[in-house]
Each structure stands twice: as C-alpha cells, then as structure tokens.
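Presented below is the structure to which this report refers.
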Amino acid sequence: MIPELSVQQGSVSASEPESLEPVLAAVRETIGLDFSGYRTATVRRRVRNRMLRVGAGSIAEYLDLVRTSTDEALRLAAAITIKVSRFYRNRSVFDRFRHDLLPALAMDRPRLAIWVAGCGCGEEAYTYAMLLEESGIQGTVVATDIDVFALAAAERAEYPIVSIAELPSDLAAKFLTPLGDNRVAVTADVRD
C-alpha cells in the first residue's frame, strides 16, 4: 500500500495508507493510458505535484477531480511522462544517420517514412525532417506522443535557443528562424 497523500500547511505529507491505483484507474478510464507499470515512487511524486498545483487536500479529493476532469487526467499524464529532448540529440547517432544511413536507405527506396514514437515536443522529429530536406530525399516524418500538450508544443515549433546547442550550425542557419527572446522557430518547409 502507498501512503495517502494529503496537503498540510502547503505541503504534501504521507498519512494513512491508500493506494494510488484508483487514480491510475481513473486515468485509464478517462483517457485510456495505463501507468500501472510505472515506478511507484515516480507516480507518487508526480501525483503529489499535481495535487499541490490544483490545491487538492487529499488523494480522495484529487481522485474526484481526475474522474470528473478530462483536462486534469491529461495534465497528470503529461506530468507522469518524461519529455527530455533537443535538436540533434546524441550527435554521433545523428551524424551517422545523416552521412551514412540516410543515403544508403534512399538508394533502395524512392521515398522514406520515419516514425518518431514518443516525440515529446518535436525536436528529434524536426531534426529528421531537416535531414530529409537537406538531402533532397523525398520522405515523411510521423511524430507521435501520448502527451497532447507536448504535441501542441511540437505543432507550434518554437523552441528555446538552448535546445539547438548540438544542432550543426549549417542546419540551424538553414532551417531555423530567430524569434528574439532567445527562441527559434522551425521553418515552414520543415514543419510541413
């Protein structure tokens, strides 16, 4: 059993034992995502953070909110999932893809399809799209994620400048537009 999470004087503390399973079951019912296989400590911490954010005083109160608010179920799912990414993340892998694998794959196919599962906010998917565009190889990049808020951010295609630290400067110059305020936007050709 997991201790009940209750808010006392602005912080969440453990009190009587109660399982988080009803909250996870409500998320499954409401939005169809199953987090029962996630680490209990991670889920507990993320539920605690959502409870503080929405002002829920107990797990029972938060459960009622998740059951009645699809938006809160989606926000909890977004809090539970991890979205750590940047453009050209893991440079050696992208360099190999750019210089060796992409040309080799294109020799056997008139058109490539690349799927980025768990795309987060889209940085890696847009990196693949940049590489296709740069090479002149016809293709499509499909990017999916269970977090609707991350997908909305990917559709906006605007990022903090720190997310492009690993992106080669030639790709950044060709496929990103400075926005000011230390942000960049992906060009329309790449977004399309």
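Taking amide H atoms as placed 1.01 Å from N in the peptide plane, the amide H of VAL184 lies under 5 Å from those of TYR159, ILE161, LEU179, each 5 or more residues away in sequence or on another chain.
Our helix-only sum for the chain, with -39,500 (n - 2.57) per DSSP H run of n ≥ 4 divided by its residues, gives a mean residue ellipticity at 222 nm of -14000 deg cm²/dmol.
Counting 0.36 nm for each residue step from GLU158 to ASP189 and taking away their Cα separation leaves a gain of 9.7 nm.
Span-like helix check, the chain: no full DSSP H segment qualifies, none having both a Cα axial length of 30 Å or more and a mean Kyte-Doolittle of 0.0 or more. Go ahead and set up a Gaussian network model of the chain, Cα springs under 10 Å, then flag whichever of ALA104, ALA154, ALA79 fluctuates most. Evaluated over the chain, the most mobile residue of the options is ALA104. Within the chain, DSSP assigns beta bridges of which about 70% are antiparallel (rounded to the nearest 5).
When the charge dipole of the chain is built from unit charges on Cβ atoms (+1 for Lys and Arg, -1 for Asp and Glu) and taken about the Cα centre, the candidate among LEU171, VAL190, VAL148 whose Cα reaches farthest toward its positive end is LEU171. Distance from the C-alpha centroid of region 36-67 to that of region 95-111: 45 Å, rounded to the whole angstrom.
In region 21-111, the ratio of gyration radius to Kirkwood radius, Rg to Rh, stands at 1.26 when only Cα atoms are counted. Ignoring ligands, DNA and RNA, what percent of the 1.4 Å accessible area of the chain is carbon and sulfur? Percent of accessible area from carbon and sulfur atoms in the chain: 50. The mean accessible area for residues of region 16-61, using a 1.4 Å probe and ignoring ligands and nucleic acids, is 54 Å² per residue. Extension gain, LEU52-GLU166: 0.36 nm per intervening residue step, less the Cα-Cα distance, totals 37.5 nm. Residue separation of LEU101 and GLN138 scaled by 0.36 nm, minus their Cα-Cα distance, works out to 11.8 nm of gained length. Using bins of 10 Å that start at zero, the share of Cα-Cα pairs per bin across region 71-166 amounts to 16, 44, 29, 10, 2, in whole %.
Calculated over the chain, the projected area of the Cα convex hull averaged across directions stands at 13.2 nm².
Calculate the FRET efficiency for SER92 and LEU179 from the Cβ-Cβ distance with a Förster distance of 25 Å, rounded to the nearest 0.05. Computed FRET efficiency for SER92 and LEU179 comes out at 0.30.
The values are calculated or read from the model by the stated rules, or taken from the named source; none is laboratory data. Because the structure is predicted, anything quoted here is derived from the model rather than measured. A quick note on method: Cβ atoms are made from the backbone with ideal geometry, for glycine too, and the neighbour counts reach across all protein chains shown. Surface areas here come from the heavy atoms of the whole protein model, side chains and all, with no ligands, DNA or RNA. Shrake-Rupley method; radii C 1.70, N 1.55, O 1.52, S 1.80 Å.
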